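To start, the structure under review is shown below, and the notes come after it.
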Amino acid sequence: MSDAATLAFAAVLLFGLGLIFGSFGNVVIARVPESRSVVRPRSACPSCGAQILGRDNIPVISWLLLRARCRACGAHISARYPLVELTAGILFVALGWWAWQADRLGLLPLLLAWGLVGLCLAMIDVDHHRLPDALTLPMLAVTAGGLLLAQLLGDPGSWLAAAWGVVIWLGVVGGLWALSRGRGMGLGDVKLAPSLGALLGWISLGSAVVGLLAAFIVGALAGIALMIAHRAGRGSRIAFGPFLLLGTLIGVLVGEPIAAAYWGGVVG
């Protein structure tokens, strides 16, 4: 099999896995904020309570075949469900591509875990303005385990750089939370910061810094856009978790080249 065929197969596989895990992500998004099990009972129509049949639970395809309607009662099914699944699929492919071209495939399992959990956390924060401990705290252990696995698989990351990533992210996010007494940054953001800082720091310190800066820049731009659209005011609370997670994605995908270009320009 040629390299092109191998890459195409890998992309299709990752996209399919992303769709499947994205479908599970919809369950997590709906149930974790309510402290409900993500395993039982089976998924059901939110309108009539009828359990969703296996044939109606195929990511994206079932939604299209049913024309966004419940088979039992005909109630409308939000396009958000297939969009979450598609986003997970795209994330899996993007992270897989980065890991392949950067020769960091040992880090891919952790990246995929964060792709799914990060998507769930972003949606939950938008909906409920909180980041549940049920997701943020276990990810501390998952991140440490994922980095250890990456090291065993030969990834060139550094534990020292990961530790500095934690210091940078926790120092900034935790500092803002403390200085604002929780008004400018939520405690959930503080609990999220160490894991994200460790992941990016493991890749490179430049990635950690770029990712954190990107989070604040994108967050500021989004806030300005919402104010211009009259959907937020100066005192409005805006969920910042999605921007931390988006900044992390930016740090992973383009953090190193941006940092290298900046420092090259400074030195040059």
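The values are calculated or read from the model by the stated rules, or taken from the named source; none is laboratory data. Computed from a predicted model, the values in this text were never measured in an experiment. Cβ placement follows ideal geometry from the backbone for every residue including glycine, while neighbour counts extend to all protein chains displayed.
One table, with the values for the structure above:
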read-out	value
Verdict on residue 55 being surrounded by fewer than 14 Cβ atoms within 10 Å (Cβ to Cβ), assigned to a helix (DSSP H, G or I) and at pLDDT below 95	yes
Odd one out for residue 45, checked against (1) more than 16 Å from the chain's Cα centre (by Cα); (2) under 25 Å from residue 14 (Cα atoms); (3) buried (at least 18 other Cβ atoms within 10 Å of the Cβ)	(2)
Criterion: in contact (Cβ under 8 Å) with a residue 12 or more places away in the chain, within 16 Å of residue 125 (Cα to Cα), surrounded by fewer than 18 Cβ atoms within 10 Å (Cβ to Cβ) and not hydrophobic (A, V, I, L, M, F, W, C) - qualifying residue of 188, 219, 223	223
Whichever residue in the range 191-216 is among the polar types (S, T, N, Q) and buried (at least 23 other Cβ atoms within 10 Å of the Cβ) and, among such residues, is farthest from residue 139 (Cα to Cα)	207
Unmet criterion (only one of (1) touching a residue at least 12 places away in the same chain (Cβ under 8 Å); (2) exposed (fewer than 13 other Cβ atoms within 10 Å of the Cβ); (3) part of a helix (DSSP H, G or I)) for residue 91	(2)
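Conditions (1) touching a Phe, Trp or Tyr at 6+ places or on another chain (Cβ under 7 Å); (2) farther than 17 Å from residue 48 by Cα; (3) outside the structural domain of residue 200 (by TED's automatic domain parsing); (4) not aromatic (Phe, Trp, Tyr), marked per residue:
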residue	(1), (2), (3), (4)
65	no, yes, yes, yes
70	no, no, yes, yes
75	no, no, yes, yes
78	no, no, yes, yes
82	yes, yes, yes, yes
87	no, yes, yes, yes
90	no, yes, yes, yes
94	no, yes, yes, yes
97	no, yes, yes, no
